[in-house]
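> Take this structure, written in structure tokens, and hold onto it; I'll ask about it next.
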Amino acid sequence: MSRPILFDMDGVLLEGPGTDPQVYTDAADTALADLEADPTPAQRADLRRNDLENVREHCEALDIDPARFWKLKERYASRGTHERLRTGERGLYDDIDAIADLAERTTTGLVTNNRHETAAFVADFVGIDFDVVRGRDPTFEGFRRRKPEPDYIEDALDELGVSEGLYVGDSRKDVTAGRAAGLETAFLRRSHNRDLDRPAEATLELESLAALSDVV
Ligand SMILES: [Mg+2]
């Protein structure tokens, strides 16, 4: 099998560095309504954010199962994100055609801190035939395994049965996680990370995904 190239998702395929906080606000409110919970405004504000300790504490105070609330919130956040992509409210970068071309001739993967359900949706939505897709599980443990932890990259490498390759991302934690998983890393420049110093450990710096065809 050829040396795989794994890609981060937010800020690499999807425009902008991450999920709009409004998606989590709406997701938390819908989950709370489903569970017929009646939080104080302060509790609601905390439950809208992804702070595990606060979520656990407030759910217990409200007598709802924290794991169940979290799973529902993750599901609704995925639905909200998918709707934004379908309507074009959140766009795709123009240069992702380069990934589609690479996927025709080498092993590729999508590995993201975002929810697995959304990663699977995006792979289908962009029509790229990734060999492996890995996002976070809708559990507290799944949230803790996010980059800069190498866990999800390692899961993807295990699934592919390989131990080397290149991880392409737009943030420092991508470089940290990629290196910790034993990969070379490419730091991708986008408008939102222009002012960031190139992470010292990054093997490559890319101005565009199109430049990847020269290094593969
Ligand atoms: Mg990113």
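The values are calculated or read from the model by the stated rules, or taken from the named source; none is laboratory data. Only a predicted model underlies this, so the values are computations on that prediction, with no experimental measurement involved. Note: ideal-geometry Cβ built from the backbone for every residue, glycine included; neighbour counts use all protein chains shown. To get the accessible areas, we keep the full protein, side chains included, count just its heavy atoms, and leave off ligands, DNA and RNA. Shrake-Rupley method; radii C 1.70, N 1.55, O 1.52, S 1.80 Å.
> Considering each residue of region 108-123, count those that are within 13 Å of the ligand (Cβ to nearest atom), of a type outside the set (Ser, Thr, Tyr) and under 10 Å from the mean Cα position of the chain (by Cα), and give that number.
Of the residues in that region, 5 qualify.
For every residue, the table says whether it meets (1) at pLDDT below 95; (2) open to solvent by 20 Å² or more (accessible area, probe 1.4 Å).
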site	(1), (2)
120	no, yes
167	no, no
203	no, yes
216	yes, yes
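> Select from region 77-95 the residues that are part of a helix (DSSP H, G or I) and within 16 Å of the chain's Cα centre (by Cα) and list them in ascending order.
The answer is 77, 78, 79, 80, 81, 82, 84, 85.
> Residue 67 - would you say it is away from the ligand (no atom under 16 Å from the Cβ), more than 29 Å from residue 185 (Cβ to Cβ), not in a loop (DSSP other than H, G, I, E, B) and not acidic (Asp, Glu)?
So residue 67 fits the description; yes.
> Right, residue 31: among the aliphatic types (A, V, I, L, M), open to solvent by less than 70 Å² (accessible area, probe 1.4 Å), out of contact with any Asp or Glu (no Cβ under 8 Å at 6 or more places or on another chain) and free of Cβ contacts under 8 Å to residues at least 40 places away in the same chain or not?
Details: among the aliphatic types (A, V, I, L, M): yes; open to solvent by less than 70 Å² (accessible area, probe 1.4 Å): yes; out of contact with any Asp or Glu (no Cβ under 8 Å at 6 or more places or on another chain): yes; free of Cβ contacts under 8 Å to residues at least 40 places away in the same chain: no.
When the stated conditions are applied, residue 31 does not pass them.
> Could you say whether any residue in region 178-197 is surrounded by fewer than 16 Cβ atoms within 10 Å (Cβ to Cβ) and aliphatic (A, V, I, L, M)?
yes
> Looking at region 2-17, which of its residues are at negative phi and either modelled with pLDDT under 95 or near the ligand (Cβ under 7 Å from one of its atoms) (or both)?
Hits for region 2-17 are 2, 3, 8, 9, 10, 12, 17.
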